[in-house]
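The values are calculated or read from the model by the stated rules, or taken from the named source; none is laboratory data. Remember, it's a predicted structure, so these values are computed and weren't measured experimentally. Quick reminder, even Gly has a Cβ in these numbers, built from the backbone with ideal geometry, and neighbours come from all protein chains shown. Ligands, DNA and RNA are stripped out before the accessible areas are found, and what is left, the full protein with its side chains, is counted by its heavy atoms. Shrake-Rupley method; radii C 1.70, N 1.55, O 1.52, S 1.80 Å.
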Amino acid sequence: MGIEQLINGCKKNDIKAQEQLYREFSPKLFSVCLKYSRNYAEAQDNLQDGFLVIFKKIHSYSFKGSLEGWMKKVLINHILQQYRNEVFLSLVEDHVVEDVEIEYDDISIDYLMKIIQELPDRYRLVFNLNVIDGYSHQKIASMLNIKVGTSKSNLHRARMILKEKIEGNSDNFNSYSK
Amino acid sequence: MSERKKLDQIFQEKLGDFETVPPEVAWENIKIKLEKKKKRRMIPLWWKLSGVACSLLLGVWISRTLLFDTRNDVMIQEGVIQSAENPKYKSTPLQQSSESTQIVVAKDSSETRKNVNETLSPSMPLKRNNRVATISSDTKNKSTTDLIYTNKNSISKRKAIANNTNETTNSTIHSMNSNRLATKTDEKERTIKYQEANSKTNALMEKEEKRHTAFDISNESTKLAVKDSSKHELPKVEEIKKTVEIAATENNELDKLLKEKEDKTTKKEKNKRWQINTSVAPVYYNSLTDGSPLDSQFETNQKEYNTSQSFGVGINYALSKKVKVRTGINTVAVNYDTNDVQLNPTFTGGLNISIQGTPINIKNIGIYGTKNPNPTGIINQKMGYVEVPLELSYQVVNKRFGLEFIGGVSTLFLTQNSITMKLEQEKINLGGANNLNTVHYSGNLGLGLKYGIMKQLEFKIEPVLKYQFNPFSSTNTNSKTYIFGLYSGIGFNF
């Protein structure tokens with residue numbers, strides 16, 4: 001089944017097409033969920049609900065841009081909705097510093113994932129949006145309904161925390177597993 | 001050995017293209033929710049559809065009931081609007097005499113013609129022509145016949161009318177286009193014909209038919225007008241076409257509206273065919289003769305027929321505007337007293353009343369006889385029936401107050417049969433009569449009076465006489481009983 005057929009099948013709520021779409025894109029999208037969520041279980045929930053939103057909204061996909069990009073966008077928006085309203089104490093806006101340089105050996109993906117998930121919600125979201133997925137601070141500010149300065153400050157804080165964790169646990173880099 | 005890398009790069013490299021297969025249970029959960037949604041979707045669809053159907057029905061019902069009452073008002077209003085727009089018509093007798101629908105038609109065609117004329121000749125001098133043309137087109141409905149009578153001296157058949165109208169309307173347009181001097185004479189002619197038109201009164205049916213032909217004619221004539229104008233190579237041909245098209249659609253729409261109105265009136269009558277009603281009645285039981293229902297022995301005895309009650313529900317269906325078929329179910333119980341009956345205690349086997357018990361099952365009345373050897377009292381016979389009428393009614397007056405004649409038959413099923421002996425102090429149940437038919441018939445004749453309380457509710461009162469054909473089986477009764485009921489109740493039309 002071609003990608004267009006697949007999409008059209010999903011538009012008609014054909015369960016087989018929906019499953020095929022899921023099989024094809026869930027590994028990529030699940031990794032997004034893991035990065036943006038607090039833990040594995042929440043990532044799974046977000047994936048499930050995110051796919052339901054995708055299937056619901058797929059009729060609005062007009063073949064402009066990649067399907068994966070569109071799906072990822074829908075999914076991230078869904079996850080942001082879950083976390084952006086979390087109560088979060090506003091922080092003093094620090095000046096943004098240069099990228100932090102750290103020493104590292106072979107840091108496992110699992111460990112990186114763990115420390116990202118452990119970040120406070122806003123830090124995690126901003127870090128992911130900016131560093132991993134390349135959104136600008138302005139875009140992030142509008143997505144999360146915060147100030148641009150806040151976004152930058154959050155990113156800085158996130159980096160500091162991550163750096164501290166990596167440096168402090170350099171011995172455990174390879175021993176972490178989920 | 002450790003390599004210095006920017007923090008961001010570490011995450012980008014490691015997590016940027018990272019993929020991991022989610023647990024299988026995730027898809028299972030999605031699948032369950034998708035299937036649930038599908039099922040859910042099916043129900044709301046039906047709910048929506050039924051909702052739409054309900055609202056449609058409600059809408060139809062509301063518009064039906066509203067239009068029914070305000071129809072005349074609306075028509076009058078249309079007439080008023082028309083006359084306000086064209087005050088010059090106020091004095092014309094045609095408008096006064098013509099039907100409201102015809103006014104609408106005339107209005108429309110006049111506007112059409114006006115548009116055509118304006119586009120054809122927008123200059124000032126021709127405004128007078130326009131006016132003439134509008135009048136002529138307005139009077140077209142009625143004056144066509146007169147045009148034929150006066151000018152053509154031809155037959156009055158409809159086809160001829162149509163043809164002639166085309167000719168006359170065309171000629172009118174031609175004359176308007178060519179010169180305005182002729183219009184003065186035209187105007188005079190028109191007014192003469194106009195008056196003639198008013199003097200002639202056609203039958204309603206003819207009016208209706210002409211109205212339709214007028215519609216066709218106005219369409220055709222406007223088309224012809226376009227053709228003519230194009231021949232003359234007048235400017236703004238396209239504009240004219242547009243106006244004509246618009247006019248044609250307006251005509252069609254009007255035609256549709258009129259048809260709808262006609263349909264609605266017919267539908268109204270169709271839809272209000274059913275009526276259910278309740279009835280409660282005081283019932284007067286009586287006999288045409290002195291004969292006793294019990295036995296001929298009692299013929300000479302004085303009898304008192306008592307008043308009782310009847311209750312029931314009925315359903316009517318209108319077969320036509322005036323004729324309804326009615327049925328329902330009533331309970332009715334009648335009773336009468338036979339005075340001065342003597343109890344004879346010497347009868348073998350116990351006490352008996354003075355008649356030889358043929359029609360009566362005598363119960364053991366034991367002790368009573370011993371008090372007074374020959375007591376006299378009253379025999380009360382009670383008969384209860386379930387009545388199923390089948391009647392026709394013919395409506396004589398059908399307004400807020402209505403009057404109808406009712407006739408038909410009833411089938412009566414015996415449900416109660418008791419005879420009681422009333423002595424001075426005692427009341428003795430003697431049993432039941434054995435000469436009563438379990439099923440008998442009655443012939444019904446009555447009047448139905450109604451008064452509309454609301455659109456669908458009416459109060460009814462129906463005095464009906466029901467003559468019983470065969471209530472008694474034994475031949476030794478010379479009783480011809482009847483029941484007169486004054487049935488009143490509330491009827492609900494739907």
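Tell me which of these B:Lys36 doesn't satisfy, since it passes every other one: (1) more than 14 Å from chain A (Cβ to nearest Cβ); (2) loosely packed, with under 12 Cβ neighbours inside 10 Å; (3) modelled with pLDDT of 70 or more.
(1)
Can we say A:Leu52 is touching a residue at least 24 places away in the same chain (Cβ under 8 Å) and in contact with a helix residue (DSSP H, G or I) (Cβ under 9 Å, 6 or more places away or on another chain)? Outline the logic, then answer.
Working: touching a residue at least 24 places away in the same chain (Cβ under 8 Å): no; in contact with a helix residue (DSSP H, G or I) (Cβ under 9 Å, 6 or more places away or on another chain): yes.
Judged against the criteria, A:Leu52 is not a match.
Being surrounded by fewer than 18 Cβ atoms within 10 Å (Cβ to Cβ) and at the interface with chain B (Cβ under 10 Å from one of its Cβ atoms) is true for just one of A:Lys35, A:Lys56. Which residue is that? Outline the logic, then answer.
Working: A:Lys35 fails: surrounded by fewer than 18 Cβ atoms within 10 Å (Cβ to Cβ).
Result of the check over A:Lys35, A:Lys56: A:Lys56.
In the stretch A:1-19, which residues are part of a loop (DSSP other than H, G, I, E, B) and within 11 Å of chain B (Cβ to nearest Cβ)? Give the steps one after another, and end with the answer.
Filtering the stretch A:1-19 down to residues part of a loop (DSSP other than H, G, I, E, B) leaves A:1-2, A:12-14.
Across the stretch A:1-19, the qualifying residues are A:Asn13, A:Asp14.
Tell me the residue from A:Glu103, A:Glu164, A:Glu93 that is surrounded by 12 or more Cβ atoms within 10 Å (Cβ to Cβ), in contact with a Gly (Cβ under 6 Å, 6 or more places away or on another chain) and either at pLDDT 80 or above or not in a helix (DSSP H, G or I) (or both), please. Let's see the steps before the verdict.
Numbers: A:Glu103 fails: in contact with a Gly (Cβ under 6 Å, 6 or more places away or on another chain); A:Glu164 fails: in contact with a Gly (Cβ under 6 Å, 6 or more places away or on another chain).
Checking each option against the conditions leaves just A:Glu93.
Across the stretch B:365-401, which residue is nearest to B:Val464 (Cα to Cα) among those that are at pLDDT below 85 and hydroxyl-bearing (Ser, Thr, Tyr)?
B:Thr376
Of all residues in the stretch A:59-73, count the ones that are open to solvent by 20 Å² or more (accessible area, probe 1.4 Å) and either within 14 Å of chain B (Cβ to nearest Cβ) or within 15 Å of the chain's Cα centre (by Cα) (or both). Break it down stepwise before answering.
Pass one, the stretch A:59-73, residues open to solvent by 20 Å² or more (accessible area, probe 1.4 Å): A:59-60, A:62-66, A:68-70, A:72-73.
With either within 14 Å of chain B (Cβ to nearest Cβ) or within 15 Å of the chain's Cα centre (by Cα) (or both) added as a condition, the list becomes A:59, A:68-70, A:72-73.
Count: 6.
Tell me yes or no: at least one residue of the stretch B:407-426 is over 23 Å from B:Val283 (Cα atoms), modelled with pLDDT of 90 or more and of a type in the set (Ser, Thr, Tyr). Break it down stepwise before answering.
Of the residues in the stretch B:407-426, the ones over 23 Å from B:Val283 (Cα atoms) are B:423-426.
Filter once more, keeping what is modelled with pLDDT of 90 or more: none.
No - not one qualifying residue is present in the stretch B:407-426.
Among the residues of the stretch A:36-85, write down those that are modelled with pLDDT of 90 or more, among the basic types (Lys, Arg) and not in a helix (DSSP H, G or I).
Once the filter is applied, which keeps residues that are modelled with pLDDT of 90 or more, among the basic types (Lys, Arg) and not in a helix (DSSP H, G or I), the stretch A:36-85 yields only A:Arg38.
Yes or no: A:Tyr22 at the interface with chain B (Cβ under 10 Å from one of its Cβ atoms) and in contact (Cβ under 8 Å) with a residue 60 or more places away in the chain? Working first, answer last.
On the way: at the interface with chain B (Cβ under 10 Å from one of its Cβ atoms): yes; in contact (Cβ under 8 Å) with a residue 60 or more places away in the chain: no.
No: the conditions fail for A:Tyr22.
Given the structure, is B:Asn444 open to solvent by less than 20 Å² (accessible area, probe 1.4 Å) and without any contact (Cβ under 8 Å) to a residue 60 or more places away in the chain? Break it down stepwise before answering.
Details: open to solvent by less than 20 Å² (accessible area, probe 1.4 Å): yes; without any contact (Cβ under 8 Å) to a residue 60 or more places away in the chain: yes.
It is true that B:Asn444 is open to solvent by less than 20 Å² (accessible area, probe 1.4 Å) and without any contact (Cβ under 8 Å) to a residue 60 or more places away in the chain.
If you scan the stretch B:399-408, which residues turn out to be buried (at least 16 other Cβ atoms within 10 Å of the Cβ) and either free of Cβ contacts under 8 Å to residues at least 12 places away in the same chain or out of contact with any Lys or Arg (no Cβ under 6 Å at 6 or more places or on another chain) (or both)? Spell out the reasoning first.
Step one: filter the stretch B:399-408 for residues buried (at least 16 other Cβ atoms within 10 Å of the Cβ), giving B:402, B:404, B:406, B:408.
Within the stretch B:399-408, B:Glu404, B:Ile406, B:Gly408 meet the criteria.
Could you go through the stretch A:110-125 and let me know if any residue there is at pLDDT 90 or above, buried (at least 19 other Cβ atoms within 10 Å of the Cβ), away from chain B (no Cβ under 12 Å) and closer than 15 Å to B:Phe11 by Cα.
Yes - at least one qualifying residue is present in the stretch A:110-125.
Among the residues of the stretch B:10-25, how many are open to solvent by 30 Å² or more (accessible area, probe 1.4 Å), in a helix (DSSP H, G or I) and within 7 Å of chain A (Cβ to nearest Cβ)? Spell out the reasoning first.
Here is the first cut: in the stretch B:10-25, the ones open to solvent by 30 Å² or more (accessible area, probe 1.4 Å) are B:12-14, B:17-21, B:23-25.
Imposing the further condition that a residue be in a helix (DSSP H, G or I) reduces the set to B:12-14, B:24-25.
Next, from what is left, pick out any that are within 7 Å of chain A (Cβ to nearest Cβ): B:12, B:14.
Matching residues across the stretch B:10-25 total 2.
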